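Structure first, commentary second.
The values are calculated or read from the model by the stated rules, or taken from the named source; none is laboratory data. What you see is a predicted model, and the numbers here were worked out from it, not measured in a lab. Neighbour counts run over all protein chains shown; Cβ positions are idealised from the backbone, glycine included.
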There are 4 protein chains.
Amino acid sequence: MIDSIAISTGGGDAPGLNAVIRAIVRSAIKEYGWEVYGIETGFDGLLETSGVRRLESKDVRGILQEGGTILGTTNRGNPFEYPAKVGSKIVKEDRSDELIANFKSLGLDALIAIGGDGTLCIAHELFKKGLPVVGVPKTIDNDLAATDVTFGFDTAVATATDALDKLHTTAESHHRLMVLEVMGRNAGWIALHSGVAGGADAIVIPEIPFELEIICDHLIARKRRGSRFSIVVAAEGAYPKGGEPFYMQKSGGKDGPAVRFGGIGMWLARQLGLCTGMEARAVVLGHLQRGGSPTTFDRFLSTRFGVGAVELVAKEKFGEMVCFKGRRVESVSLEEATANQNLVDPEGEIVRVAEKLGVTFGR
Amino acid sequence: MIDSIAISTGGGDAPGLNAVIRAIVRSAIKEYGWEVYGIETGFDGLLETSGVRRLESKDVRGILQEGGTILGTTNRGNPFEYPAKVGSKIVKEDRSDELIANFKSLGLDALIAIGGDGTLCIAHELFKKGLPVVGVPKTIDNDLAATDVTFGFDTAVATATDALDKLHTTAESHHRLMVLEVMGRNAGWIALHSGVAGGADAIVIPEIPFELEIICDHLIARKRRGSRFSIVVAAEGAYPKGGEPFYMQKSGGKDGPAVRFGGIGMWLARQLGLCTGMEARAVVLGHLQRGGSPTTFDRFLSTRFGVGAVELVAKEKFGEMVCFKGRRVESVSLEEATANQNLVDPEGEIVRVAEKLGVTFGR
Amino acid sequence: MIDSIAISTGGGDAPGLNAVIRAIVRSAIKEYGWEVYGIETGFDGLLETSGVRRLESKDVRGILQEGGTILGTTNRGNPFEYPAKVGSKIVKEDRSDELIANFKSLGLDALIAIGGDGTLCIAHELFKKGLPVVGVPKTIDNDLAATDVTFGFDTAVATATDALDKLHTTAESHHRLMVLEVMGRNAGWIALHSGVAGGADAIVIPEIPFELEIICDHLIARKRRGSRFSIVVAAEGAYPKGGEPFYMQKSGGKDGPAVRFGGIGMWLARQLGLCTGMEARAVVLGHLQRGGSPTTFDRFLSTRFGVGAVELVAKEKFGEMVCFKGRRVESVSLEEATANQNLVDPEGEIVRVAEKLGVTFGR
Amino acid sequence: MIDSIAISTGGGDAPGLNAVIRAIVRSAIKEYGWEVYGIETGFDGLLETSGVRRLESKDVRGILQEGGTILGTTNRGNPFEYPAKVGSKIVKEDRSDELIANFKSLGLDALIAIGGDGTLCIAHELFKKGLPVVGVPKTIDNDLAATDVTFGFDTAVATATDALDKLHTTAESHHRLMVLEVMGRNAGWIALHSGVAGGADAIVIPEIPFELEIICDHLIARKRRGSRFSIVVAAEGAYPKGGEPFYMQKSGGKDGPAVRFGGIGMWLARQLGLCTGMEARAVVLGHLQRGGSPTTFDRFLSTRFGVGAVELVAKEKFGEMVCFKGRRVESVSLEEATANQNLVDPEGEIVRVAEKLGVTFGR
């Protein structure tokens, strides 16, 4: 018998998190009369005394359309490797037993863990140790194979496409080459979708290492045909054939931030500017992609995921995660959920669609 | 061998039409070197001399993000029942043979017909008479069973949800009951999606005839719990149990427009205002839902459909229509495409999700 | 010496009200350490026991960008003519003394009344009877002569212009004539600004009674020049020369709502459709114009007004109202503030600008 | 007698340029029957043979709402110091006489030069040498004293405020400090307006050199009061007291781009992160601020400026520039127009408003 449940949000935030929380709280209370608790800042909240609070319907009023998460989130917080200070050193401790003990001492019957790959793996490990947990997938990069799509992605693509629309007019007026760097370390989905929706001339993604010369030739040919500007979209993790992703490189010294802020976007602007003879500029969208009000698509999907997660708990299908297949919300085991990444298929339909429209991937 | 193709757009316009046209023109020219022609205002353009014009890449520049259709559209124009004036009367003529003859005399090898149910049925009939045609589904109401989703719908839902967001703040400030009437004569998808994404308290759709009393009781209970405002979304075709849709009613005389503009939305505002004792107001979104720049979701899907249609032509798969299944663009015969409507399932997951959140459908 | 102040919001809501409230609360607390109280639903809150609550900084967190007012508002509530039930009749009572007595018994030292013409007149009368009050002008119609501009107007114009952008694409695709009806019973500012910003072909406003024939001729001439669609913006209070505003007409009987929802917009669509031979449609924006997140212009102005009102209180300049002149926030007496309306000058620069661009006003 | 006029756009692009061009073309043709020519890429177009083209009404159809300029623009192109290649060196030539001669040989009677400080100064010099020119002020930074406001600024502020809204939710979820770097090398208007409208906690602008310690203390105090995130807006030209603007610094060598992309925003994120112990991130908005569809405010003002410029030409008031004062479009001599900058007054009302709300400027 379920009486009270808890919710946690982990990993980078994504538009739609609050809509999931709202749907969980409202349907758990209305359908089942459960008590609902929110755990602050991911799993951390179960290892700290002040990290759990009651959530009533009124607490989720008006958050459907708000970005972020009212519970806070964090990228740390793996309870199996929890950072601890021993003297002046940071060491890692396994505090998973403590977490489960705390969970039980709070009288909680189930946990709904909303998070990405990392969070879901931890959830799976905790499930194997006895924690009654179900998952809700959150990946703004859309890189989970177990679900057709997840929330946050549509909003991130919309933000990137809106930026491309803005860059188009200024590129055209100034006869410039503009490079937009978007999120995507392993998967190029945001670059691919926004590039197609925003009418980019070249798109570079991690799944297709590019040859700079091919992109140059493409842009020069475009210029010869009379187009006096060009737009390039670069996924953060894209890299030239034979090279490696920029965000992984060390800059020969301790100057980490310079690399952090001088990634593939700026490198491409410099290189393409030189080879095409065009004035080139880069814009790095960065954290803007995680923020803002979710699109209606994301609000709708988040709401369905939230209600779906409550149903999994009601049926005590622990160790499962909600997912979206075709037109339906279904579920899949956490084990399977985290087994495969959803990467762009270099020979798939979407890449081919882009190429048929005249977009180059530098291959 | 295909050398030249034509495009037509029929029925009510939908955001994304221009993106489909752009994708067809660009991929037909780039991949296959075909000549592409645009037919003005649906099939009508093939029955008039001035209705066909060449489309080059430059003609589709910048239209990806624009609403509407550069080809114009119309709701008349069934060539099998074409309106003709005989004396002072309007009669209907079958001009389908003439249409096909005109098509051939223009030296065209294939037609890509973009349209809804009506257009696709005509396309199918023309195909049976020998016209080499492929279809692209366009239905802002999302009511075609043959495709998981089609373009225009996401934008229409976004427009409706944006309106709900706006009504929320004013309803809350004035302690009012606001009713938003949205499109959907047969299918309540727009009302359902926008209602869930926009946090409505009641949703009425054609698939679930409602009982006014149930909605009243729901809103009164809500008021008693301290919520001093309420939001109701009504699909144009919704109607009370035992009644009939408002848009079909004649107002006792010839005064059609009075009915046209006094539909379910206003009726509900009046009735619910009376029974709840709240100040009630209605807003009819109307044509705003068809306009505006397509969302990135619609731009992306439209582009894939356009390229997919060109592929169908290249493979000479005439009599087929592009459709979307799961994550993929596929095809289906025009016959099958128009056989079934996609209606909201009153017992389906989405309606149940809404009810679990506390939304009433008046049942 | 000021120790505690109160805020009320009256009249129709306008985007930016919450930003004013936030600015008052934050600056009153930070600069002066005052206690701040919010009065619910306009002056009514001072005539009811439960209508006053303390506002702390945390209560105004996150409301800067929200439409509506956290205090609620109302269009009733003139304390000099307060509706009371005597037997089965509604009579009007002067409860102004009671209001002032209640105000004093709460230990309040000053009131900041945010509202339009009606609210400011009442504030002025209460000031003359001894209430220490300052005003903040709120008129979404921009019809107060005492201030160059006030908040809410820019947002309403933006909403109307966005609607025009949407109608443009659908009008163009369908070769239609679209009429958009916007707010403005006495002043045509919203119609004028949105019409110019949205590229309308005709604009009708209360200040310039129009001749239907002139508009018809203009649209027919436009059609002859090859433009197959037209856009008309109508202020709610516009009317044909020799006629009277539609919203004032009774429909020959008790059917008020039919008139309410069948105003100038629908009448124009019908008439212009007949005389031009075009398919015509009307959209009535209605309450959408009051809702939504304020534009940055309105957020900025609201914030300055809020702080400005606190300064007036600090200087004990009661009976004054903040206003905007040129680039500066200044103040003006409530008497002067409500003396003159700001109407569109039929011979002024803006109307002439529109006419020079080819817009007709039907004169 | 005026028969034909020309338009040029110079300097960085700004939303609203196309609306100005449209208003000029339409009103010049409709009111006066003039021929209108567009000069490509600023004054350069008059020094090259292919740089001038006729503009008809149809050429400006649909551009009212588009960002950028259909004429192209450039930051080079001072005809008094025109770059020329002599052997392998670039030297500067005075080609102003040639420009005026070309202008006359084209049979043009007047030039409307739309541009910022640089363009208007050149226009003034050319006027003194006999060119019949009027100006339209364009400065996205709002730094011209001769006009209360000019187009492009409102849109840039809206883009920056939208970014702040997005950063708010992600900052709050992650308990982070986010720094947004916006345009403004000499004038901090964009930072100030967007910072106030977007609810920033600290704003740094060129007019008020900041002390890092004061900002740190402010953010730490905020943290102690329970606010777990903070938002800082930095104008590009802001700098610490005793230091110099970052964009002017050379990075010890030839590596210009590293400085270009590592400006005040990133420096602040690093420094404030260290002193507050918060995770800090920076976003550089860059070219996004110049792009996109103009706000209705900017569309409206641009249109009035365009018509106003045509009126100046009709009255042969050459050497003048349109400007905006209070509620009216007026004119001012080009000499006066470029004489004074409009900088933020460190003791002015707006800065004080921000401080009263609890914003720190680091002083």
For C:Thr170, only one of the following conditions fails: (1) at pLDDT below 95; (2) outside any helix (DSSP H, G or I). What is its number? (2)
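This table checks each residue for (1) over 22 Å from the mean Cα position of the chain (by Cα); (2) farther than 15 Å from B:Thr161 by Cα.
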position: B:Pro206; (1), (2): no, yes
position: B:Phe210; (1), (2): yes, yes
position: B:Ile214; (1), (2): yes, yes
position: B:His218; (1), (2): yes, yes
position: B:Ala221; (1), (2): yes, yes
position: B:Val233; (1), (2): no, no
Hey, any hits in the stretch A:121-139 for a residue that's crowded, with 23+ Cβ neighbours inside 10 Å, touching a Leu at 6+ places or on another chain (Cβ under 6 Å) and over 30 Å from A:Leu64 (Cα atoms)? no
Residues in the stretch D:245-280 that are more than 20 Å from D:Glu211 (Cα to Cα) and at pLDDT 70 or above: how many? 1
Give the stretch A:11-39 a look and list any residue that's surrounded by fewer than 24 Cβ atoms within 10 Å (Cβ to Cβ), within 14 Å of A:Ile140 (Cα to Cα) and at the interface with another protein chain (Cβ under 9 Å from one of its Cβ atoms), or say none. A:Gly12
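Please verify whether D:Gly118 is surrounded by fewer than 19 Cβ atoms within 10 Å (Cβ to Cβ), under 14 Å from the mean Cα position of the chain (by Cα), at pLDDT below 95 and not assigned by TED's automatic domain parsing to the domain that holds D:Ile264, treating the condition exactly as stated.
The answer is yes for D:Gly118.
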Contacts under 8 angstrom Cβ, first residue in the stretch C:190-206 being facing chain D (nearest Cβ under 7 Å) and closer than 11 Å to C:Val359 by Cβ, partner in a helix (DSSP H, G or I) and modelled with pLDDT under 95, 6 or more apart: C:Gly199/C:His168
Take the residues in the stretch A:273-294 that are assigned to a loop (DSSP other than H, G, I, E, B) and at the interface with another protein chain (Cβ under 7 Å from one of its Cβ atoms); name whichever of them is surrounded by the fewest Cβ atoms within 10 Å (Cβ to Cβ). A:Gly292
So, in the stretch D:325-350, exactly how many residues are hydrophobic (A, V, I, L, M, F, W, C) and farther than 22 Å from D:Ala314 by Cβ? 4
Inspect all residues belonging to the stretch C:18-38 and state whether any of them is more than 22 Å from the chain's Cα centre (by Cα) and more than 30 Å from C:Phe297 (Cβ to Cβ). yes
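Only one of B:Val283, B:Val344 is outside the structural domain of B:Val179 (by TED's automatic domain parsing) and over 30 Å from B:Met1 (Cβ atoms); which?
That would be B:Val344, the only listed residue that is outside the structural domain of B:Val179 (by TED's automatic domain parsing) and over 30 Å from B:Met1 (Cβ atoms).
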Can you find, within the stretch C:311-363, the residue that is farthest from the chain's Cα centre (by Cα) among those that are part of a loop (DSSP other than H, G, I, E, B), of a type in the set (S, T, N, Q) and surrounded by 15 or more Cβ atoms within 10 Å (Cβ to Cβ)? C:Thr338
Search the stretch D:268-283 for residues that are without any contact (Cβ under 8 Å) to a residue 40 or more places away in the chain and pair each with any residue that is part of a strand (DSSP E or B) when their beta-carbon atoms are under 9 Å apart and the residues are at least 6 apart or on different chains. D:Arg270/D:Ala280; D:Arg270/D:Ala282; D:Leu274/D:Ala280
Evaluate the following for C:Asp154: is it crowded, with 23+ Cβ neighbours inside 10 Å, more than 14 Å from chain B (Cβ to nearest Cβ), assigned to a loop (DSSP other than H, G, I, E, B) and not hydrophobic (A, V, I, L, M, F, W, C)? no
Looking at (1) modelled with pLDDT of 95 or more; (2) closer than 18 Å to A:Asn102 by Cβ; (3) surrounded by fewer than 24 Cβ atoms within 10 Å (Cβ to Cβ), can you tell me which one A:Ile5 breaks? (3)
In the stretch B:332-363, which residues are within 14 Å of chain A (Cβ to nearest Cβ) and without any contact (Cβ under 8 Å) to a residue 40 or more places away in the chain? B:Glu347, B:Gly348, B:Glu349, B:Arg352, B:Glu355, B:Lys356
Checking D:Arg270 against (1) touching a Pro at 6+ places or on another chain (Cβ under 9 Å); (2) assigned to a helix (DSSP H, G or I); (3) closer than 30 Å to D:Asp109 by Cβ, which single condition isn't satisfied? (3)
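Does A:Ala238 qualify as being modelled with pLDDT under 95, among the hydrophobic types (A, V, I, L, M, F, W, C) and not assigned by TED's automatic domain parsing to the domain that holds A:Ala110?
no
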Quick one: in the stretch B:295-310, which of the residues that are of a type in the set (Phe, Trp, Tyr) and in contact (Cβ under 8 Å) with a residue 24 or more places away in the chain is surrounded by the fewest Cβ atoms within 10 Å (Cβ to Cβ)? B:Phe297
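Given the criterion within 14 Å of chain C (Cβ to nearest Cβ), under 22 Å from B:Val310 (Cα atoms) and of a type in the set (A, V, I, L, M), identify the matching residue among B:Ile100, B:Ile114.
Numbers: B:Ile100 fails: within 14 Å of chain C (Cβ to nearest Cβ).
Answer to the selection: B:Ile114.
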Name the residues in the stretch C:189-237 that are in contact with a Ser or Thr (Cβ under 7 Å, 6 or more places away or on another chain) and of a type in the set (Ser, Thr, Tyr), would you? C:Ser194
Pair list, Cβ < 8 Å and 6+ apart or interchain, from the stretch C:104-119 residues that are at positive phi and among the basic types (Lys, Arg) to residues that are outside any strand (DSSP E or B) and modelled with pLDDT of 95 or more: none
Would you be able to say whether some residue in the stretch A:298-313 is among the basic types (Lys, Arg), assigned by TED's automatic domain parsing to the domain that holds A:Val25 and in contact with a Leu (Cβ under 8 Å, 6 or more places away or on another chain)? yes
Taking the conditions exactly as written (within 19 Å of B:Gly306 (Cβ to Cβ) and surrounded by fewer than 21 Cβ atoms within 10 Å (Cβ to Cβ)), does B:Arg53 satisfy them or not? yes
Odd one out for C:Ala163, checked against (1) crowded, with 24+ Cβ neighbours inside 10 Å; (2) within 15 Å of the chain's Cα centre (by Cα): (2)
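Got a number for residues in the stretch A:196-248 being aliphatic (A, V, I, L, M) and outside any strand (DSSP E or B)?
Residues flagged as aliphatic (A, V, I, L, M) and outside any strand (DSSP E or B) within the stretch A:196-248 amount to 11.
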Qualifying residue in the stretch B:73-87 (condition: among the hydrophobic types (A, V, I, L, M, F, W, C), over 30 Å from A:Phe229 (Cα atoms), assigned by TED's automatic domain parsing to the domain that holds B:Ala23 and touching a strand residue (DSSP E or B) at 6+ places or on another chain (Cβ under 7 Å)): yes
Please determine, by comparing only the residues of the stretch C:151-172 that are without any contact (Cβ under 8 Å) to a residue 24 or more places away in the chain and touching an Asp or Glu at 6+ places or on another chain (Cβ under 7 Å), which one is nearest to B:Gly11 (Cα to Cα). C:Thr170
